[in-house]
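*Asks:* Mind having a look at this structure? Questions to follow.
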Amino acid sequence: MSSPSWGPNWNLDGIVSGLRAARVDWRGPQGRLREASAGREFPSQDSLRQIVAQLSGALFPMRLGPIDLREEGEDFYVGHTLGEALDALLGQTYLELRHLGRHEPQSCEETMARAVQIVRQFGAELPRLRRALDLDVTAAYQGDPAARSVDEVLLCYPGVTAMIHHRLANVLYRLGAPMLARIVAEIAHAETGIDIHPGATIGKRFFIDHGTGVVIGETAIIGDRVRLYQMVTLGAKRFPPGENGELKKGLPRHPIIEDDVVIYAGATILGRVVIGKGSTIGGNVWLTRDVAPGSNVTQASLVSDLPGCGLDGG
C-alpha cells in the first residue's frame with residue numbers, strides 16, 4: 001500500500017513552542033535557567049548500566065565475564081575491564097559533582113580532583129566488596145534447598161543481582177555520589193523488582209529469597225545473617241515536615257534489623273523500630289513497634305496482644 005501524497009498536520013511548531021514554555025516555567029523556580037546553554041549536566045543511566053556490567057564482570061570474571069574467558073587471561077581481563085569502567089565512572093562522577101556544586105561552583109580542576117578521589121577510593125573498595133558478595137552468595141546457597149550450586153545462585157537469583165548492585169551503590173553513596181548510587185540501585189530495581197535504597201546499611205551473609213516486591217528504605221540498618229522473603233517492606237511510618245512544609249530529609253526513620261532475623265513474605269515493618277536478634281517475623285505481619293530478641297511474631301500473636309482479643313476468646 002503506497003503512502004498518501006499528503007501528510008497529516010501535527011502542528012509541530014505549536015507543540016515545540018508549548019514544550020519550550022513548560023521547560024522555562026519549570027527551570028525558573030528551580031534555578032535552572034542556565035540549563036539549556038550549559039549542556040547535559042546529569043549522569044547517564046545507559047553509561048551507568050554499562051559500568052555496572054563491567055564491574056560485575058571484573059568482580060566475577062569466570063561467571064559474569066565474557067563467555068570465551070580462560071583462567072590464564074583472568075587478570076588481564078579484570079585489569080583492562082576495570083580500567084575502562086573506572087575511567088567511565090570518573091566522567092559520570094564529574095557530572096554529578098558539577099551538578100551538586102552548581103549553587104557554589106568550584107573550578108573544573110577542583111571538581112575533577114574530587115571526582116578522581118572518589119573513583120580511586122571506590123576502586124580500592126572492590127576487593128572487600130567481592131568478599132562481602134561471596135558471603136551473600138554462600139548465604140543464598142545454604143539458605144535455599146532448591147539451590148544446586150553457588151554458580152546457580154550467582155547467575156540466576158535476583159536477590160544476589162540486587163545485592164551486587166546495592167553493595168556497589170552503597171560505596172558510591174558513602175563516598176559522596178548519591179545520584180550515581182541511586183541510578184545503580186534503580187537499575188537493579190527495574191531488573192529484579194527489589195528496591196533497596198543505596199543508603200541502607202546491610203551486614204554480612206544477607207539473603208533475599210525470591211525477592212520480588214522487597215523494599216528497604218534509606219536509613220534501614222540490617223545486621224548479619226538476615227533473611228528476607230518476597231514482598232517484605234522495611235519502610236518509614238511518617239514523614240515529619242520542616243519549617244517550610246517540605247519533608248525533612250535524612251532522618252533515621254526505617255527499621256533496625258538485628259543479627260539472625262528471618263522475615264517472611266509480605267511482612268511490613270515501619271518506623272525506627274528494632275527487631276531483636278534471632279527473631280522470626282511471620283508472613284503478612286504489620287509491625288510498628290520494637291520486638292524483643294528471640295521473638296516469634298505471627299498474625300495470631302499480634303491479635304492476641306490487642307485488648308479484648310486474648311486466646312481465651314475474651
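The values are calculated or read from the model by the stated rules, or taken from the named source; none is laboratory data. The model shown is predicted, which means the values in this text are computed figures rather than measured ones. Glycine gets a Cβ as well: all are built from the backbone with ideal geometry, and neighbour counts include every protein chain shown. The protein model used for the area step is the full one, side chains on, heavy atoms only, and it has no ligands, DNA or RNA in it. Shrake-Rupley method; radii C 1.70, N 1.55, O 1.52, S 1.80 Å.
*Asks:* Full extension from Ala300 to Cys108: what is 0.36 nm times the residue separation minus their Cα-Cα distance, to one decimal in nm?
*Replies:* Full-extension gain reported as 63.0 nm.
*Asks:* Counting only the heavy atoms of the protein chains, how much of Met62 is accessible to a 1.4 Å probe, in Å² to the nearest 10?
*Replies:* 100 Å²
*Asks:* For Cα extents along the principal axes in Å, pick the label among (1) 79, 60, 59; (2) 63, 57, 35; (3) 51, 43, 36 that corresponds to the value derived from the coordinates.
*Replies:* Given (1) 79, 60, 59; (2) 63, 57, 35; (3) 51, 43, 36, the structure-derived one carries the label (1).
*Asks:* Per residue, how large is the accessible surface of the chain? Use a 1.4 angstrom probe and give square angstrom.
*Replies:* 56 Å²
*Asks:* What is the chain's relative contact order, in percent, from Cα pairs under 8 angstrom and six or more apart in sequence?
*Replies:* Relative contact order of the chain: 9 percent.
*Asks:* With a 1.4 Å probe and every protein chain kept in, tell me what percent of the accessible surface of the chain is carbon plus sulfur.
*Replies:* Answer for the chain is 55 percent, counting heavy atoms of protein chains only.
*Asks:* What FRET efficiency, computed as 1/(1 + (r/R0)^6) with R0 = 22 Å and r the Cβ-Cβ distance, is obtained for Arg289 and Lys249, rounded to the nearest 0.05?
*Replies:* 0.30
*Asks:* So, one more: Given Asn9, Val137, Ile183, which one lies farthest toward the positive end of the charge dipole of the chain, if we put +1 on the Cβ of every Lys and Arg and -1 on the Cβ of every Asp and Glu?
*Replies:* Result: Asn9, furthest along the dipole toward the positive end.
*Asks:* While we're here: Any lysines with Cα under 26 Å of the Lys277 Cα? List them, leaving off those in the same chain fewer than 8 positions away.
*Replies:* Reachable lysines: Lys204, Lys237.
*Asks:* Hey, what's the Cα Rg ratio for the stretch 98-139 versus the globular rule of thumb, 2.2 N^0.38 Å?
*Replies:* Dividing the Cα radius of gyration by 2.2 N^0.38 Å gives 1.76.
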